[in-house]
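Working notes, beginning with the structure itself.
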Amino acid sequence: MSTLNRSTRRRLQNLHQVSSVWEGDRRSLPVGENLEAFSSMPDQGECVIWVDGVQGVVRAMDVVTTEAGPEAMVRTLLQAMEHPSGPAQPARPQKIVVRDRELQFFLRGVLQQMDIAIDYSPALPLIDEIFRGLQDATSTQQPQLPSQYAQQLEEKAEQIWQDAPWDLLAEQHVLALELNRWDLQTLYISVLVEYGILFYRSLDSLKLFRQRMLMDCSEEQLEEAFLGQDCLFVTFENADGSWEEVSMSVQPSFGNLHPLEGIRSYLYEEEATAILVALEALHHFFQQHKALLSGKFPTLSSNYQIEVPQTEQSVPVKIKTMPELADELLAMAVLAGVEPAEELDFLLEEPLLRDDLVPKNSFLSLGFMPWEIVSYLRTGAQHYQPGNVTPAGEGLPIVLIQTSRPKAKTLITDIKQAGGLEAICFNPGEDPEDGERYDLGILQTKDAELHLFGEFNEVDPVHLEARKKWDQRCNQTQGWCGLIIAKGVTGASRGKPKFEDMLALFEVRSRSAEDLDLGTLQLTPQIE
(Lines give C-alpha, C1' and ligand atoms only; values in the text may rest on other atoms or scores of the structure.)
Protein backbone atom coordinates (compact mmCIF):
# COMPACT_ATOMS: atom_id res chain seq x y z
CA MET A 1 0.00 0.00 0.00
CA SER A 2 1.23 3.50 -0.82
CA THR A 3 2.23 5.72 2.07
CA LEU A 4 2.92 9.43 2.42
CA ASN A 5 6.57 10.43 2.27
CA ARG A 6 8.16 12.01 5.31
CA SER A 7 8.18 15.58 4.06
CA THR A 8 4.45 15.40 3.22
CA ARG A 9 3.65 14.00 6.66
CA ARG A 10 5.58 16.83 8.31
CA ARG A 11 3.72 19.39 6.19
CA LEU A 12 0.34 17.98 7.17
CA GLN A 13 1.26 17.64 10.84
CA ASN A 14 2.14 21.33 10.89
CA LEU A 15 -1.38 22.28 9.77
CA HIS A 16 -3.77 23.61 12.40
CA GLN A 17 -6.11 20.81 13.53
CA VAL A 18 -9.76 21.84 13.75
CA SER A 19 -12.48 20.09 15.72
CA SER A 20 -14.43 19.23 12.57
CA VAL A 21 -15.75 16.03 11.09
CA TRP A 22 -15.20 15.73 7.34
CA GLU A 23 -17.25 13.50 5.06
CA GLY A 24 -15.60 11.97 2.00
CA ASP A 25 -17.00 9.92 -0.87
CA ARG A 26 -16.80 9.24 -4.62
CA ARG A 27 -19.89 8.86 -6.75
CA SER A 28 -20.87 8.51 -10.39
CA LEU A 29 -21.39 11.82 -12.13
CA PRO A 30 -25.00 12.98 -12.29
CA VAL A 31 -26.83 12.23 -15.52
CA GLY A 32 -29.47 14.59 -16.86
CA GLU A 33 -31.04 15.82 -20.05
CA ASN A 34 -28.56 18.67 -20.56
CA LEU A 35 -25.18 16.96 -20.48
CA GLU A 36 -23.48 19.98 -22.11
CA ALA A 37 -23.28 21.46 -18.63
CA PHE A 38 -20.75 18.74 -17.83
CA SER A 39 -18.98 18.69 -21.20
CA SER A 40 -15.55 18.98 -19.55
CA MET A 41 -16.05 15.78 -17.57
CA PRO A 42 -15.09 12.31 -18.83
CA ASP A 43 -17.85 10.13 -20.28
CA GLN A 44 -17.26 7.48 -17.61
CA GLY A 45 -16.21 9.42 -14.53
CA GLU A 46 -16.74 9.78 -10.84
CA CYS A 47 -16.79 12.79 -8.58
CA VAL A 48 -14.55 12.78 -5.49
CA ILE A 49 -15.73 15.16 -2.77
CA TRP A 50 -14.65 16.14 0.72
CA VAL A 51 -16.92 18.35 2.83
CA ASP A 52 -16.70 19.85 6.30
CA GLY A 53 -19.72 18.43 8.08
CA VAL A 54 -19.59 21.04 10.83
CA GLN A 55 -19.26 24.17 8.68
CA GLY A 56 -21.29 22.67 5.83
CA VAL A 57 -18.82 23.64 3.10
CA VAL A 58 -17.14 21.74 0.26
CA ARG A 59 -13.39 21.78 0.87
CA ALA A 60 -12.34 19.95 -2.30
CA MET A 61 -13.96 18.29 -5.31
CA ASP A 62 -12.41 16.52 -8.27
CA VAL A 63 -13.46 14.33 -11.19
CA VAL A 64 -11.61 11.06 -11.82
CA THR A 65 -12.01 8.10 -14.11
CA THR A 66 -13.85 5.05 -12.82
CA GLU A 67 -10.57 3.11 -13.02
CA ALA A 68 -8.85 5.44 -10.51
CA GLY A 69 -7.96 3.66 -7.27
CA PRO A 70 -8.40 4.84 -3.66
CA GLU A 71 -5.30 7.03 -4.10
CA ALA A 72 -7.61 9.51 -5.88
CA MET A 73 -9.51 9.99 -2.61
CA VAL A 74 -6.23 10.72 -0.82
CA ARG A 75 -5.09 13.25 -3.45
CA THR A 76 -8.34 15.20 -3.11
CA LEU A 77 -8.17 14.93 0.68
CA LEU A 78 -4.68 16.48 0.69
CA GLN A 79 -6.06 19.28 -1.48
CA ALA A 80 -8.90 19.75 1.02
CA MET A 81 -6.34 20.08 3.81
CA GLU A 82 -3.67 22.23 2.16
CA HIS A 83 -5.49 24.06 -0.65
CA PRO A 84 -9.22 24.09 0.16
CA SER A 85 -11.65 25.69 -2.25
CA GLY A 86 -13.54 28.89 -1.52
CA PRO A 87 -12.86 30.83 1.67
CA ALA A 88 -11.84 27.81 3.77
CA GLN A 89 -8.40 27.90 5.39
CA PRO A 90 -5.79 25.11 5.34
CA ALA A 91 -6.46 22.72 8.23
CA ARG A 92 -6.35 19.12 9.40
CA PRO A 93 -9.64 17.56 10.61
CA GLN A 94 -10.13 15.76 13.87
CA LYS A 95 -12.23 13.01 12.29
CA ILE A 96 -13.04 11.67 8.83
CA VAL A 97 -16.16 9.67 7.97
CA VAL A 98 -16.55 7.49 4.84
CA ARG A 99 -19.21 4.97 3.77
CA ASP A 100 -16.83 2.38 2.31
CA ARG A 101 -15.14 -0.13 4.64
CA GLU A 102 -12.22 -0.78 2.30
CA LEU A 103 -11.62 2.95 1.94
CA GLN A 104 -11.74 3.31 5.73
CA PHE A 105 -8.96 0.74 6.18
CA PHE A 106 -6.97 2.25 3.31
CA LEU A 107 -7.11 5.74 4.85
CA ARG A 108 -6.14 4.40 8.25
CA GLY A 109 -2.97 3.02 6.73
CA VAL A 110 -2.14 6.13 4.73
CA LEU A 111 -2.95 8.67 7.46
CA GLN A 112 -1.24 6.97 10.37
CA GLN A 113 0.65 9.42 12.62
CA MET A 114 -1.74 12.18 11.46
CA ASP A 115 -3.85 12.02 14.68
CA ILE A 116 -7.03 11.78 12.58
CA ALA A 117 -9.82 9.34 13.48
CA ILE A 118 -11.16 7.42 10.46
CA ASP A 119 -14.77 6.23 10.99
CA TYR A 120 -17.38 4.41 8.94
CA SER A 121 -21.01 5.42 8.42
CA PRO A 122 -23.47 3.83 5.96
CA ALA A 123 -24.96 7.27 5.19
CA LEU A 124 -23.38 10.67 4.57
CA PRO A 125 -26.30 13.15 4.73
CA LEU A 126 -24.43 16.28 3.61
CA ILE A 127 -22.88 14.62 0.56
CA ASP A 128 -26.23 13.00 -0.30
CA GLU A 129 -27.80 16.47 -0.33
CA ILE A 130 -25.02 17.92 -2.52
CA PHE A 131 -25.39 15.19 -5.14
CA ARG A 132 -29.19 15.54 -5.18
CA GLY A 133 -28.63 19.21 -6.00
CA LEU A 134 -26.20 18.31 -8.80
CA GLN A 135 -28.70 15.84 -10.24
CA ASP A 136 -31.43 18.48 -10.24
CA ALA A 137 -29.15 21.01 -11.89
CA THR A 138 -28.18 18.95 -14.94
CA SER A 139 -31.45 19.53 -16.75
CA THR A 140 -31.45 23.32 -16.30
CA GLN A 141 -27.81 24.44 -16.10
CA GLN A 142 -26.49 26.84 -18.72
CA PRO A 143 -23.91 25.26 -21.08
CA GLN A 144 -20.41 26.47 -20.23
CA LEU A 145 -19.77 27.60 -23.80
CA PRO A 146 -21.99 28.61 -26.74
CA SER A 147 -22.20 25.52 -28.93
CA GLN A 148 -20.86 27.27 -32.05
CA TYR A 149 -17.65 28.28 -30.23
CA ALA A 150 -17.04 25.33 -27.90
CA GLN A 151 -14.63 23.36 -30.08
CA GLN A 152 -12.63 26.42 -31.16
CA LEU A 153 -12.29 27.65 -27.58
CA GLU A 154 -11.03 24.29 -26.40
CA GLU A 155 -8.51 24.18 -29.26
CA LYS A 156 -7.24 27.70 -28.48
CA ALA A 157 -7.02 26.83 -24.78
CA GLU A 158 -4.97 23.74 -25.69
CA GLN A 159 -2.53 25.99 -27.56
CA ILE A 160 -2.16 28.17 -24.46
CA TRP A 161 -1.63 25.06 -22.32
CA GLN A 162 1.21 24.04 -24.62
CA ASP A 163 2.64 27.59 -24.47
CA ALA A 164 2.73 27.24 -20.63
CA PRO A 165 2.77 30.98 -19.84
CA TRP A 166 2.99 30.19 -16.09
CA ASP A 167 6.54 29.02 -16.81
CA LEU A 168 7.36 32.40 -18.38
CA LEU A 169 5.53 35.00 -16.26
CA ALA A 170 5.15 35.66 -12.56
CA GLU A 171 1.80 36.88 -11.22
CA GLN A 172 3.00 40.52 -11.19
CA HIS A 173 3.92 40.33 -14.89
CA VAL A 174 0.79 41.83 -16.44
CA LEU A 175 0.11 42.09 -20.17
CA ALA A 176 -2.20 44.69 -21.73
CA LEU A 177 -4.31 43.45 -24.65
CA GLU A 178 -6.04 46.22 -26.62
CA LEU A 179 -9.22 44.76 -28.09
CA ASN A 180 -11.66 47.66 -28.55
CA ARG A 181 -14.53 45.30 -29.46
CA TRP A 182 -17.57 43.74 -27.80
CA ASP A 183 -17.73 46.45 -25.09
CA LEU A 184 -14.17 45.59 -24.05
CA GLN A 185 -11.40 48.14 -24.48
CA THR A 186 -8.15 46.89 -22.88
CA LEU A 187 -7.92 43.57 -21.08
CA TYR A 188 -5.23 43.32 -18.40
CA ILE A 189 -3.93 39.77 -18.38
CA SER A 190 -2.58 38.07 -15.27
CA VAL A 191 -1.24 34.51 -15.41
CA LEU A 192 -1.99 32.16 -12.51
CA VAL A 193 0.84 29.96 -11.28
CA GLU A 194 -1.77 27.25 -10.67
CA TYR A 195 -2.56 27.04 -14.38
CA GLY A 196 -4.92 29.74 -15.55
CA ILE A 197 -5.30 33.21 -17.08
CA LEU A 198 -7.36 36.14 -15.80
CA PHE A 199 -8.58 38.83 -18.22
CA TYR A 200 -9.32 41.90 -16.08
CA ARG A 201 -11.65 44.46 -17.62
CA SER A 202 -9.92 47.27 -15.76
CA LEU A 203 -6.57 47.94 -14.17
CA ASP A 204 -8.29 49.27 -11.04
CA SER A 205 -9.93 45.89 -10.47
CA LEU A 206 -6.60 44.08 -10.75
CA LYS A 207 -4.83 46.47 -8.36
CA LEU A 208 -7.68 46.47 -5.85
CA PHE A 209 -7.70 42.69 -5.69
CA ARG A 210 -3.93 42.60 -5.13
CA GLN A 211 -4.21 45.15 -2.35
CA ARG A 212 -6.98 43.22 -0.62
CA MET A 213 -5.08 39.95 -0.81
CA LEU A 214 -2.05 41.55 0.88
CA MET A 215 -4.15 42.71 3.84
CA ASP A 216 -4.65 40.69 7.00
CA CYS A 217 -8.19 39.67 6.08
CA SER A 218 -10.78 37.40 7.62
CA GLU A 219 -12.24 34.51 5.61
CA GLU A 220 -15.31 36.60 4.81
CA GLN A 221 -13.18 39.50 3.57
CA LEU A 222 -11.09 37.19 1.38
CA GLU A 223 -14.23 35.77 -0.17
CA GLU A 224 -15.55 39.29 -0.78
CA ALA A 225 -12.24 40.27 -2.42
CA PHE A 226 -12.37 37.21 -4.67
CA LEU A 227 -15.95 37.85 -5.76
CA GLY A 228 -15.18 41.55 -6.20
CA GLN A 229 -12.93 40.96 -9.21
CA ASP A 230 -14.10 42.12 -12.63
CA CYS A 231 -12.62 39.65 -15.12
CA LEU A 232 -13.10 36.77 -17.52
CA PHE A 233 -11.01 33.66 -16.86
CA VAL A 234 -9.68 30.42 -18.29
CA THR A 235 -8.35 27.81 -15.87
CA PHE A 236 -7.03 24.29 -16.40
CA GLU A 237 -7.90 21.20 -14.39
CA ASN A 238 -6.62 17.63 -14.51
CA ALA A 239 -9.32 14.99 -14.26
CA ASP A 240 -6.71 12.43 -13.19
CA GLY A 241 -6.13 14.41 -10.00
CA SER A 242 -2.36 14.65 -10.41
CA TRP A 243 0.05 17.01 -12.14
CA GLU A 244 2.93 14.53 -11.95
CA GLU A 245 2.67 13.61 -15.64
CA VAL A 246 1.55 15.40 -18.77
CA SER A 247 -2.01 14.19 -19.17
CA MET A 248 -4.42 14.24 -22.09
CA SER A 249 -7.20 14.70 -19.51
CA VAL A 250 -6.29 18.34 -18.84
CA GLN A 251 -9.46 20.33 -19.48
CA PRO A 252 -10.02 24.11 -19.71
CA SER A 253 -12.78 25.84 -17.74
CA PHE A 254 -14.15 29.24 -18.73
CA GLY A 255 -16.09 31.80 -16.76
CA ASN A 256 -16.71 35.31 -15.51
CA LEU A 257 -16.26 37.20 -12.24
CA HIS A 258 -18.05 40.46 -11.48
CA PRO A 259 -18.79 42.33 -8.22
CA LEU A 260 -22.56 42.27 -8.93
CA GLU A 261 -22.79 38.87 -10.69
CA GLY A 262 -20.37 36.91 -8.56
CA ILE A 263 -18.76 33.90 -10.22
CA ARG A 264 -20.34 32.50 -13.37
CA SER A 265 -18.97 29.27 -14.84
CA TYR A 266 -20.08 29.88 -18.43
CA LEU A 267 -19.66 32.45 -21.19
CA TYR A 268 -22.22 34.26 -23.30
CA GLU A 269 -21.72 34.65 -27.04
CA GLU A 270 -19.91 38.02 -27.07
CA GLU A 271 -17.67 36.94 -24.18
CA ALA A 272 -16.81 33.71 -25.99
CA THR A 273 -15.91 35.63 -29.16
CA ALA A 274 -13.69 38.04 -27.23
CA ILE A 275 -11.88 35.23 -25.39
CA LEU A 276 -11.31 33.35 -28.66
CA VAL A 277 -9.66 36.39 -30.24
CA ALA A 278 -7.66 37.14 -27.06
CA LEU A 279 -6.36 33.55 -26.75
CA GLU A 280 -5.28 33.50 -30.40
CA ALA A 281 -3.41 36.80 -29.99
CA LEU A 282 -1.78 35.56 -26.76
CA HIS A 283 -0.63 32.38 -28.50
CA HIS A 284 1.09 34.44 -31.22
CA PHE A 285 2.67 36.67 -28.54
CA PHE A 286 4.07 33.76 -26.52
CA GLN A 287 5.38 32.04 -29.63
CA GLN A 288 7.08 35.23 -30.84
CA HIS A 289 8.63 36.35 -27.55
CA LYS A 290 9.17 33.17 -25.50
CA ALA A 291 12.97 33.53 -25.44
CA LEU A 292 12.76 37.14 -24.22
CA LEU A 293 10.08 36.40 -21.62
CA SER A 294 12.18 33.59 -20.13
CA GLY A 295 14.51 36.16 -18.55
CA LYS A 296 13.67 39.54 -17.07
CA PHE A 297 10.28 41.09 -17.84
CA PRO A 298 11.18 43.28 -20.84
CA THR A 299 9.35 46.06 -22.67
CA LEU A 300 7.62 44.39 -25.62
CA SER A 301 4.79 45.36 -27.95
CA SER A 302 3.27 43.46 -30.87
CA ASN A 303 0.34 43.94 -33.25
CA TYR A 304 -1.70 41.12 -34.79
CA GLN A 305 -4.64 40.74 -37.16
CA ILE A 306 -6.89 38.06 -35.67
CA GLU A 307 -9.78 36.48 -37.54
CA VAL A 308 -13.17 36.76 -35.82
CA PRO A 309 -14.75 33.30 -35.58
CA GLN A 310 -17.91 32.61 -37.58
CA THR A 311 -17.20 35.67 -39.77
CA GLU A 312 -14.90 36.61 -42.63
CA GLN A 313 -13.59 39.63 -40.74
CA SER A 314 -10.40 40.22 -38.78
CA VAL A 315 -9.66 42.69 -36.02
CA PRO A 316 -6.40 44.40 -34.98
CA VAL A 317 -5.12 43.39 -31.55
CA LYS A 318 -2.18 44.94 -29.72
CA ILE A 319 -0.39 43.24 -26.82
CA LYS A 320 2.29 44.85 -24.70
CA THR A 321 4.13 44.10 -21.49
CA MET A 322 3.81 46.40 -18.47
CA PRO A 323 7.20 46.38 -16.66
CA GLU A 324 6.43 49.52 -14.64
CA LEU A 325 3.21 47.96 -13.33
CA ALA A 326 5.16 44.79 -12.46
CA ASP A 327 7.57 46.86 -10.37
CA GLU A 328 4.63 48.62 -8.69
CA LEU A 329 2.89 45.32 -7.80
CA LEU A 330 6.16 43.84 -6.54
CA ALA A 331 6.81 46.93 -4.39
CA MET A 332 3.27 46.64 -3.06
CA ALA A 333 3.99 43.09 -1.90
CA VAL A 334 7.34 44.02 -0.35
CA LEU A 335 5.76 46.91 1.60
CA ALA A 336 3.16 44.49 2.91
CA GLY A 337 5.94 42.19 4.11
CA VAL A 338 5.17 39.47 1.58
CA GLU A 339 8.06 38.02 -0.40
CA PRO A 340 7.28 36.72 -3.90
CA ALA A 341 6.76 32.98 -3.73
CA GLU A 342 9.15 31.00 -5.85
CA GLU A 343 9.69 27.26 -6.26
CA LEU A 344 12.46 25.62 -4.31
CA ASP A 345 15.45 24.91 -6.47
CA PHE A 346 19.10 23.93 -6.27
CA LEU A 347 21.14 27.14 -6.40
CA LEU A 348 24.76 27.99 -6.86
CA GLU A 349 26.13 31.38 -6.03
CA GLU A 350 28.46 31.38 -9.02
CA PRO A 351 27.54 30.10 -11.48
CA LEU A 352 23.80 29.75 -10.91
CA LEU A 353 22.24 26.34 -11.50
CA ARG A 354 19.07 27.12 -13.43
CA ASP A 355 16.00 24.94 -14.07
CA ASP A 356 14.25 26.94 -16.81
CA LEU A 357 15.82 25.25 -19.84
CA VAL A 358 14.37 21.73 -19.88
CA PRO A 359 10.54 21.72 -20.15
CA LYS A 360 8.67 20.50 -17.10
CA ASN A 361 7.11 17.02 -17.32
CA SER A 362 9.67 15.89 -19.91
CA PHE A 363 10.54 12.19 -20.09
CA LEU A 364 14.20 11.70 -19.09
CA SER A 365 16.42 8.64 -19.39
CA LEU A 366 20.07 7.58 -19.40
CA GLY A 367 21.14 4.96 -21.89
CA PHE A 368 23.04 4.50 -25.12
CA MET A 369 22.41 4.77 -28.84
CA PRO A 370 23.91 2.13 -31.17
CA TRP A 371 26.53 3.56 -33.49
CA GLU A 372 24.46 2.71 -36.57
CA ILE A 373 21.58 4.90 -35.39
CA VAL A 374 24.05 7.63 -34.34
CA SER A 375 25.27 7.68 -37.95
CA TYR A 376 21.70 8.08 -39.21
CA LEU A 377 21.01 10.92 -36.74
CA ARG A 378 24.14 12.79 -37.79
CA THR A 379 22.63 13.24 -41.25
CA GLY A 380 18.90 12.84 -40.58
CA ALA A 381 18.20 14.88 -37.43
CA GLN A 382 16.92 18.43 -37.82
CA HIS A 383 19.87 19.68 -35.74
CA TYR A 384 23.25 18.07 -35.16
CA GLN A 385 26.16 19.37 -33.08
CA PRO A 386 29.21 17.26 -33.98
CA GLY A 387 31.95 16.11 -31.67
CA ASN A 388 35.28 14.34 -32.12
CA VAL A 389 33.93 10.90 -31.25
CA THR A 390 35.72 7.64 -32.02
CA PRO A 391 33.19 4.77 -31.93
CA ALA A 392 33.92 2.30 -29.13
CA GLY A 393 31.81 -0.12 -27.15
CA GLU A 394 28.15 -0.85 -27.85
CA GLY A 395 27.16 2.74 -28.62
CA LEU A 396 27.20 6.41 -27.67
CA PRO A 397 26.07 7.07 -24.06
CA ILE A 398 23.15 9.47 -24.29
CA VAL A 399 20.71 11.48 -22.19
CA LEU A 400 17.24 11.44 -23.77
CA ILE A 401 14.90 14.38 -23.20
CA GLN A 402 11.47 13.69 -24.70
CA THR A 403 8.78 16.36 -24.67
CA SER A 404 6.11 17.79 -26.97
CA ARG A 405 7.13 18.87 -30.48
CA PRO A 406 6.78 22.67 -29.80
CA LYS A 407 8.70 22.43 -26.54
CA ALA A 408 11.40 20.27 -28.13
CA LYS A 409 11.91 22.88 -30.86
CA THR A 410 12.07 25.65 -28.26
CA LEU A 411 14.63 23.68 -26.22
CA ILE A 412 16.80 23.20 -29.31
CA THR A 413 16.57 26.93 -30.14
CA ASP A 414 17.46 27.92 -26.56
CA ILE A 415 20.57 25.71 -26.60
CA LYS A 416 21.62 27.10 -29.99
CA GLN A 417 21.15 30.67 -28.72
CA ALA A 418 23.44 29.82 -25.78
CA GLY A 419 26.15 28.94 -28.32
CA GLY A 420 25.49 25.21 -28.20
CA LEU A 421 25.96 22.49 -25.60
CA GLU A 422 29.33 22.16 -23.84
CA ALA A 423 28.98 19.15 -21.55
CA ILE A 424 26.70 16.77 -19.66
CA CYS A 425 27.50 16.56 -15.95
CA PHE A 426 26.40 14.88 -12.74
CA ASN A 427 26.83 16.39 -9.28
CA PRO A 428 25.65 15.41 -5.77
CA GLY A 429 22.87 17.38 -4.08
CA GLU A 430 20.93 17.11 -0.84
CA ASP A 431 17.82 18.38 0.92
CA PRO A 432 19.06 19.40 4.39
CA GLU A 433 15.52 19.34 5.77
CA ASP A 434 14.93 15.61 5.41
CA GLY A 435 18.44 14.38 4.58
CA GLU A 436 17.46 13.10 1.12
CA ARG A 437 20.44 12.97 -1.26
CA TYR A 438 20.27 13.32 -5.03
CA ASP A 439 22.32 12.82 -8.16
CA LEU A 440 21.77 16.03 -10.16
CA GLY A 441 21.86 15.84 -13.95
CA ILE A 442 23.26 19.07 -15.40
CA LEU A 443 23.59 20.48 -18.91
CA GLN A 444 26.42 23.00 -19.37
CA THR A 445 25.89 25.34 -22.31
CA LYS A 446 28.73 27.13 -24.10
CA ASP A 447 27.83 30.44 -22.42
CA ALA A 448 29.02 28.81 -19.13
CA GLU A 449 25.50 28.47 -17.71
CA LEU A 450 24.55 25.31 -15.81
CA HIS A 451 21.03 23.94 -16.27
CA LEU A 452 19.37 21.27 -14.14
CA PHE A 453 17.72 18.55 -16.23
CA GLY A 454 16.99 15.92 -13.60
CA GLU A 455 17.01 15.14 -9.86
CA PHE A 456 17.60 11.42 -9.27
CA ASN A 457 17.36 9.82 -5.84
CA GLU A 458 20.83 8.67 -4.83
CA VAL A 459 19.58 5.32 -3.53
CA ASP A 460 17.25 4.49 -6.43
CA PRO A 461 18.57 1.11 -7.68
CA VAL A 462 17.38 1.77 -11.25
CA HIS A 463 19.28 5.06 -11.42
CA LEU A 464 22.33 3.57 -9.70
CA GLU A 465 22.55 0.87 -12.39
CA ALA A 466 21.99 3.43 -15.18
CA ARG A 467 24.76 5.69 -13.78
CA LYS A 468 27.14 2.76 -13.46
CA LYS A 469 26.65 1.85 -17.12
CA TRP A 470 26.84 5.55 -18.10
CA ASP A 471 30.27 5.89 -16.52
CA GLN A 472 31.50 2.65 -18.11
CA ARG A 473 30.37 3.71 -21.59
CA CYS A 474 31.85 7.20 -21.20
CA ASN A 475 35.20 5.59 -20.32
CA GLN A 476 34.99 3.55 -23.52
CA THR A 477 34.31 6.66 -25.66
CA GLN A 478 37.11 8.67 -23.99
CA GLY A 479 34.60 10.95 -22.25
CA TRP A 480 32.25 11.58 -25.19
CA CYS A 481 28.47 11.35 -24.81
CA GLY A 482 25.36 12.83 -26.39
CA LEU A 483 22.05 14.59 -25.78
CA ILE A 484 19.05 13.55 -27.86
CA ILE A 485 15.97 15.79 -27.91
CA ALA A 486 12.83 14.01 -29.10
CA LYS A 487 9.13 14.68 -29.51
CA GLY A 488 6.20 12.36 -28.75
CA VAL A 489 6.05 12.44 -24.93
CA THR A 490 2.31 11.73 -24.76
CA GLY A 491 2.03 9.16 -27.56
CA ALA A 492 2.81 5.49 -27.96
CA SER A 493 6.49 6.34 -28.47
CA ARG A 494 6.85 7.81 -24.94
CA GLY A 495 10.15 6.53 -23.61
CA LYS A 496 10.84 4.73 -26.90
CA PRO A 497 11.10 7.45 -29.55
CA LYS A 498 11.29 6.38 -33.15
CA PHE A 499 13.99 7.67 -35.47
CA GLU A 500 11.61 10.32 -36.89
CA ASP A 501 10.80 11.52 -33.34
CA MET A 502 14.46 12.41 -32.65
CA LEU A 503 14.86 16.07 -33.59
CA ALA A 504 18.40 16.85 -32.37
CA LEU A 505 21.69 15.21 -31.44
CA PHE A 506 24.38 17.09 -29.51
CA GLU A 507 27.74 15.30 -29.15
CA VAL A 508 29.53 16.70 -26.10
CA ARG A 509 31.99 15.87 -23.34
CA SER A 510 31.02 14.13 -20.13
CA ARG A 511 32.09 15.94 -16.96
CA SER A 512 32.26 14.50 -13.45
CA ALA A 513 31.52 16.15 -10.11
CA GLU A 514 35.28 16.47 -9.59
CA ASP A 515 35.55 18.37 -12.88
CA LEU A 516 32.81 20.78 -11.80
CA ASP A 517 34.32 21.22 -8.31
CA LEU A 518 31.04 22.51 -6.89
CA GLY A 519 30.76 20.31 -3.82
CA THR A 520 27.37 19.03 -2.66
CA LEU A 521 24.59 21.42 -3.68
CA GLN A 522 21.89 22.05 -1.09
CA LEU A 523 18.21 22.68 -1.72
CA THR A 524 17.51 26.30 -0.78
CA PRO A 525 14.66 28.74 -1.51
CA GLN A 526 15.10 30.80 -4.68
CA ILE A 527 14.03 34.40 -4.08
CA GLU A 528 13.51 36.74 -6.99
*Members of the range 443-463 found to be in contact with a helix residue (DSSP H, G or I) (Cβ under 9 Å, 6 or more places away or on another chain) and aromatic (Phe, Trp, Tyr), listed by number*: 456
*Would you point out the residue of the range 287-301, among those that are closer than 17 Å to residue 411 by Cβ and among the polar types (S, T, N, Q), that is modelled with the highest pLDDT?*
287
*Give the residue that is nearest to residue 292 (Cα to Cα), with candidates limited to residues of the range 181-191 that are surrounded by fewer than 18 Cβ atoms within 10 Å (Cβ to Cβ) and in contact (Cβ under 8 Å) with a residue 60 or more places away in the chain.*
181
*Condition test on residue 395, is it more than 26 Å from residue 168 (Cα to Cα) and in contact with a helix residue (DSSP H, G or I) (Cβ under 7 Å, 6 or more places away or on another chain)?*
yes
*Among the residues of the range 302-350 satisfying the criterion of being surrounded by 13 or more Cβ atoms within 10 Å (Cβ to Cβ) and modelled with pLDDT under 55, which is farthest from residue 273 (Cα to Cα)?*
348
*For the range 180-191, does any single residue satisfy the condition of being modelled with pLDDT under 90 and touching a Lys or Arg at 6+ places or on another chain (Cβ under 7 Å)?*
no
*Any idea which residue in the range 478-515 is surrounded by the fewest Cβ atoms within 10 Å (Cβ to Cβ), counting only those that are of a type in the set (Lys, Arg) and over 25 Å from the mean Cα position of the chain (by Cα)?*
498
*Grab the helices (runs of 4 or more DSSP H) fully contained in the range 69-148, keeping just those with 1 or more residues being over 28 Å from the mean Cα position of the chain (by Cα) and without any contact (Cβ under 8 Å) to a residue 24 or more places away in the chain.*
101-110, 125-137
*Output yes when any residue across the range 415-437 is surrounded by fewer than 20 Cβ atoms within 10 Å (Cβ to Cβ), β-branched (Val, Ile, Thr) and within 15 Å of residue 291 (Cβ to Cβ), and no when none is.*
no
_Residue among 374, 358 that alone is surrounded by 15 or more Cβ atoms within 10 Å (Cβ to Cβ), in contact (Cβ under 8 Å) with a residue 24 or more places away in the chain and part of a loop (DSSP other than H, G, I, E, B)_ = 358
*Count of residues meeting criterion [modelled with pLDDT of 85 or more and of a type in the set (S, T, N, Q)] in the range 212-242*: 2
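For (1) modelled with pLDDT under 90; (2) surrounded by 15 or more Cβ atoms within 10 Å (Cβ to Cβ); (3) among the aliphatic types (A, V, I, L, M), each residue gets a yes or a no:
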{"position": "42", "(1), (2), (3)": "yes, yes, no"}
{"position": "45", "(1), (2), (3)": "yes, yes, no"}
{"position": "63", "(1), (2), (3)": "yes, yes, yes"}
{"position": "68", "(1), (2), (3)": "yes, yes, yes"}
{"position": "88", "(1), (2), (3)": "yes, yes, yes"}
{"position": "92", "(1), (2), (3)": "no, yes, no"}
{"position": "96", "(1), (2), (3)": "no, yes, yes"}
{"position": "106", "(1), (2), (3)": "no, yes, no"}
*asked:* of a type in the set (A, V, I, L, M), more than 21 Å from residue 134 (Cα to Cα), out of contact with any helix residue (DSSP H, G or I) (no Cβ under 9 Å at 6 or more places or on another chain) and at pLDDT 90 or above: which single residue out of 74, 21 fits that description?
replied: 21
*strands (runs of 3 or more DSSP E) enclosed by the range 162-240 - at least 2 residues per element that are under 27 Å from residue 315 (Cβ atoms) and of a type in the set (D, E, K, R)*: 175-181
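The values are calculated or read from the model by the stated rules, or taken from the named source; none is laboratory data. Model, not experiment: these values are computed from the prediction. We place every Cβ from the backbone using ideal geometry, glycine too, and count neighbours over all the protein chains shown.
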